[in-house]
1. Condition first: more than 15 Å from Phe119 (Cβ to Cβ) and crowded, with 21+ Cβ neighbours inside 10 Å. Now tell me which residues in segment 192-209 satisfy that.
2. Determine, yes or no, whether Arg319 is modelled with pLDDT under 95 and within 19 Å of Pro249 (Cβ to Cβ).
3. Out of all the residues in segment 70-88, is one or more modelled with pLDDT of 95 or more, touching a His at 6+ places or on another chain (Cβ under 9 Å), outside any loop (DSSP other than H, G, I, E, B) and not basic (Lys, Arg)?
4. Restricting segment 194-209 to residues that are closer than 26 Å to Trp71 by Cα and at pLDDT 95 or above, which is nearest to the chain's Cα centre (by Cα)?
5. Residue by residue through segment 367-385, note down the ones that are farther than 14 Å from Arg334 by Cα and more than 20 Å from the chain's Cα centre (by Cα).
6. Could you tell me which numbered condition Ser256 fails, if it satisfies all but one of (1) small (Gly, Ala, Ser); (2) in a strand (DSSP E or B); (3) in the same structural domain as Val329 (by TED's automatic domain parsing)?
7. Here is a list of conditions, (1) in contact with a Leu (Cβ under 8 Å, 6 or more places away or on another chain); (2) not in a strand (DSSP E or B), and Asp37 meets all of them except one; can you say which number that is?
8. Sort through Thr321, Thr300, Thr295 and tell me the only one that's under 25 Å from Gly142 (Cα atoms) and not assigned by TED's automatic domain parsing to the domain that holds Asp191.
Amino acid sequence: MYQYFKKCALFVLCGLVLLSACRKAEMGRDLFFDPLDGSGPAAGSPAWRVPPSGFEDHPEYGRVFAIETEWFGENFPWAGDTSWTCYRAEIEILPCGGNWVGLDYYVQEDGLSAFDISFMTHDTTRAVVLESAQVIGGYKHGISSWKLWPVSQESPVTVRDQWIRFRIDVCGEFANAYVNDMEHPVYTIYDVPYAKGGVQLSSLGPGKAYLRNFRVKALPENTLQPVLKDPWEAARDKPVIRKWTVTRPQEPEFGSESLPDKLNGPDILWTEAVPDGRGVVNCGALFPGRNKSGTVFARTILGSDREQVKKAWVTYTDRCTVWCNGKIVFRGPRRGWNDPEANHDCRLKPDQFEFGLPLKAGDNTILLRSQVTENWGWGFWMRTE
């Protein structure tokens, strides 16, 4: 019996060693490498889907790739396909001032939809603040939903005129981003809307940056874990409203003063809105053709066992009004980066605005008006006590 268990233990140990070796081999497998010196991808790497252009002969760094855009660029270099799921993307970046620069990951087959992570180094502090956004339809004509995701949990300080080593590990609905040689990430991104796709070099100007040594490595499945605290963690287990139907986008002033009579008419089409893991409804992703100007109404039903006033919380982009059983219960302040009369702190934050819902016994109809006024993201979130 002893010999039997000894053989079993040896078999298990050999299996674990083999599994570990396979994982290490998978971790070390290059999916793509290009030094970005004009020589092209390394042997064995796939070709660029959109090749880089704009190499410069730098007096100190030799031939390097220079990326320079106005506010909305297009045709950024990208590589990979939907066979890329869990991976590590690494690159060296030398910002020359002004622009947000970084990587788009999980780039979809259209080459225009992805999830972006980028940073800007400010000349005064050189503090790196990372931001995320979903991009649909490309930067120039599509949406970039910066307001829907929080900024990085940490802001490391970099050295002026030195290359920044930037890395992101992605798998599933989250990613960990690293700057230089820090052992822990400066940003853990949650609720990534894609789970596979290529990688793209990107910049949102105006400004210029140099890039070199772009590498993508495969990561073993189910080995990556989020590291930094989720800013939305405390709100996830609370009674977030997740069942919404929304209208098609209407003209911007639709319902700005009162509930329109036509809201219940046959000309208004309602569609189900599926929120993300937080409960955020991304209207820009629902209606990418109307990401700069327009209004939707969202509807949900809340049941109550008695007449009561229940607390509720909402966060939103741009403008928002809430009705309960036909009566206004919340009209939020204007929020927007480009609106001179608005609060410029306009990212979504859980439990940002509190108000009361006067409920009757039975079913109660909640209507939320959401208006977008600028191209930086469009959405809302709401919960009750």
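1. Val192, Gly197, Gly198, Val199, Gln200 - these are the residues of segment 192-209 that are more than 15 Å from Phe119 (Cβ to Cβ) and crowded, with 21+ Cβ neighbours inside 10 Å.
2. Judged against the criteria, Arg319 is not a match.
3. There is no residue in segment 70-88 that is modelled with pLDDT of 95 or more, touching a His at 6+ places or on another chain (Cβ under 9 Å), outside any loop (DSSP other than H, G, I, E, B) and not basic (Lys, Arg).
4. Of everything passing the filter in segment 194-209, Tyr194 is nearest to the chain's Cα centre (by Cα).
5. Leu367, Leu368, Arg383, Thr384, Glu385, listed by residue number.
6. (2) is the only condition that Ser256 fails.
7. It is condition (1) that Asp37 fails.
8. The match here is Thr295.
The values are calculated or read from the model by the stated rules, or taken from the named source; none is laboratory data. Remember, it's a predicted structure, so these values are computed and weren't measured experimentally. Methodologically, a virtual Cβ is constructed for each residue, glycine included, from the backbone with ideal geometry; neighbour enumeration extends over all protein chains shown.
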